[in-house]
């Protein structure tokens, strides 16, 4: 039975079925359960009535950070790289994302990648705002991510690589408070199922705090606690590629005690390699200055280029080989496993 | 013989030059002053609106801004004298405020969606004089306070942050977002003519290197995000880029020069690639009309 799509509306935000008959989930209209008839009082008169009222309007995607459900429109269409950014509050997670986005606004390519689209332009703009003149601030900052453990948010970038292939990247934007909670509870880690599907797990350690003799030990211990909690609980599998990011490198470099800080960081690297040997784990280390202070000689986005190449090209879904993940129905990990190579 | 229909949407943020362009096109197409330009082969029934705009353009005056909710459809039966191809351009003159409203409200009018679904081409206008570009605080700090340390600046700062609003978004972000929304409704690949309006500001710039930029180079330099998006979505958007000065200069300041031309069309400047600017403001429409 053919369905007249012009008389239907969909419960999923941004679905264009009422306009062009295309379901955002790729389902046939006869089987999709998300669409329903337009109510009598919603039928627009069209024609002469051009006023901006709901009956004559069609909604499209909000453009803000995506909820888990909203990522489906992306993950169902392509092999999406999921990059999980982890670390304590103010470690620089959101600032890195804002800077990565800004780099594509400032030049015609970055790290040999070019911008092909994003469903979260407004989400990125909000996160960049406090680093820009328009915010009326005298010093740049990034607004702290709100703690919403039951409603994780994602930012999206579609990029094109030098070979002309498109890459959809989804980045988590999760509060540092959530990771503090995860480091304290195995039960919480077990519920954190989306980590199982993460292609990349980027663990942030604040370089500025590592350069402080009072703060460095606690900074190291807190970060390693996150890693241990997630790996020991099984939430983070061995297939996931891990990047340990020493952020705010510009602030570390500005300190008189920078050599002591660098020696301490070498010690962290040695400790991590010992606890997570190369035979089982894939761990790399990076020095990043996403938004260097104005007194620094480091360029904007220092170090992000090397990260981006790894994030965009490596996936836990190896070509021609499906990895076997067992996800419970309705788990976050299952959401991201809708598409397999 | 039935003429092929060419449904064309003029798109751009407020003040980007759509109406001024249309005024100048109407003059050139109707007057036949420019020999190679598209010609109107039949006067449109509802031409009072076009004639009023044309008169304002001839008088070197600014046009009254379209209000957001008024949509004035314009239908022009035209012929390209170079190859004889003919068609009907159906062009709704949509206010730039409508696009701003869409970006903020995340809703589209159903009438507009219907236009997009049957569109054959888009003319996208960008005004270089009103571009919003992201400016980093750190870049300003570098220039204004090079002698101060970062710590001392932070102590001075009394930070009352102005909340983010949609109007703060850079021009290229708003345009990419609008094109993305468009592409969700399109059924076939579509031609998009990008018009960098007020092109006189670029070619007469005191910065010699800037003045030598062709329209595509200008787009890469000033709106790199938009340029990347169009390059990487050429399966949806087939683009051609023009630098156009429909006014010929700044109204008020340049009026005596602008009104002194023997033919009003001679004040128009149109550049594509590295070509010498011509007066044929119908070039984007010619390209949209062509089969290729």
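Based on this model, can you work out whether residue A:223 counts as away from chain B (no Cβ under 14 Å), crowded, with 19+ Cβ neighbours inside 10 Å and either without any contact (Cβ under 8 Å) to a residue 12 or more places away in the chain or in contact with a helix residue (DSSP H, G or I) (Cβ under 6 Å, 6 or more places away or on another chain) (or both)? Against the criterion (away from chain B (no Cβ under 14 Å), crowded, with 19+ Cβ neighbours inside 10 Å and either without any contact (Cβ under 8 Å) to a residue 12 or more places away in the chain or in contact with a helix residue (DSSP H, G or I) (Cβ under 6 Å, 6 or more places away or on another chain) (or both)), residue A:223 does not qualify. Summed over region A:269-295, residues that are more than 22 Å from residue A:172 (Cα to Cα) and either out of contact with any strand residue (DSSP E or B) (no Cβ under 7 Å at 6 or more places or on another chain) or free of Cβ contacts under 8 Å to residues at least 40 places away in the same chain (or both) total 13. The residues in region A:114-143 that are more than 7 Å from every other protein chain (Cβ to nearest Cβ), within 19 Å of residue B:180 (Cα to Cα) and touching a strand residue (DSSP E or B) at 6+ places or on another chain (Cβ under 8 Å) can be counted, and the count is 5. The number of residues in region A:177-201 being more than 18 Å from residue A:144 (Cβ to Cβ) and touching a residue at least 60 places away in the same chain (Cβ under 8 Å) comes to 10.
Being assigned to a helix (DSSP H, G or I) and surrounded by fewer than 21 Cβ atoms within 10 Å (Cβ to Cβ): is that true of residue B:226 here? No: the conditions fail for residue B:226.
For (1) more than 24 Å from residue B:28 (Cβ to Cβ); (2) within 14 Å of chain A (Cβ to nearest Cβ), each residue gets a yes or a no:
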site	(1), (2)
B:170	yes, yes
B:185	yes, yes
B:194	no, no
B:212	yes, no
B:256	no, no
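If only residues of region A:62-74 that are touching a helix residue (DSSP H, G or I) at 6+ places or on another chain (Cβ under 8 Å) and crowded, with 21+ Cβ neighbours inside 10 Å are counted, the one that is nearest to the other protein chains (Cβ to nearest Cβ) is A:63. The criterion of being on the phi < 0 side of the Ramachandran plot and at pLDDT 95 or above holds for residue B:209. Among the residues making up region B:155-188, those that are surrounded by 11 or more Cβ atoms within 10 Å (Cβ to Cβ), more than 22 Å from residue B:101 (Cβ to Cβ) and at pLDDT 60 or above are B:161, B:187. All told, residue A:114 falls short of being part of a loop (DSSP other than H, G, I, E, B) and in contact with a helix residue (DSSP H, G or I) (Cβ under 7 Å, 6 or more places away or on another chain). When restricted to residues that are free of Cβ contacts under 8 Å to residues at least 12 places away in the same chain and either within 9 Å of another protein chain (Cβ to nearest Cβ) or within 12 Å of residue A:160 (Cα to Cα) (or both), region B:220-235 contains 6.
Against the conditions (1) within 22 Å of residue A:301 (Cα to Cα); (2) touching a strand residue (DSSP E or B) at 6+ places or on another chain (Cβ under 9 Å); (3) outside any helix (DSSP H, G or I), residue A:239 satisfies every one except (1). If the condition is being more than 19 Å from the chain's Cα centre (by Cα) and in a strand (DSSP E or B), then region A:118-168 contributes only A:132. Against the numbered list (1) under 13 Å from residue B:126 (Cβ atoms); (2) part of a strand (DSSP E or B), residue B:240 comes up short only at (1). The residue that is nearest to residue A:309 (Cα to Cα), among those in region A:169-179 that are touching a helix residue (DSSP H, G or I) at 6+ places or on another chain (Cβ under 8 Å) and not in a loop (DSSP other than H, G, I, E, B), is A:169.
Scanning region A:180-211 for residues that are under 16 Å from the mean Cα position of the chain (by Cα) and either at pLDDT 95 or above or assigned to a loop (DSSP other than H, G, I, E, B) (or both) yields A:192, A:193, A:198, A:199, A:200, A:201, A:202, A:203, A:204.
The values are calculated or read from the model by the stated rules, or taken from the named source; none is laboratory data. No experiment lies behind these values; they were computed from the predicted model shown. Virtual Cβ from ideal backbone geometry, glycine too; neighbours counted across all protein chains shown.
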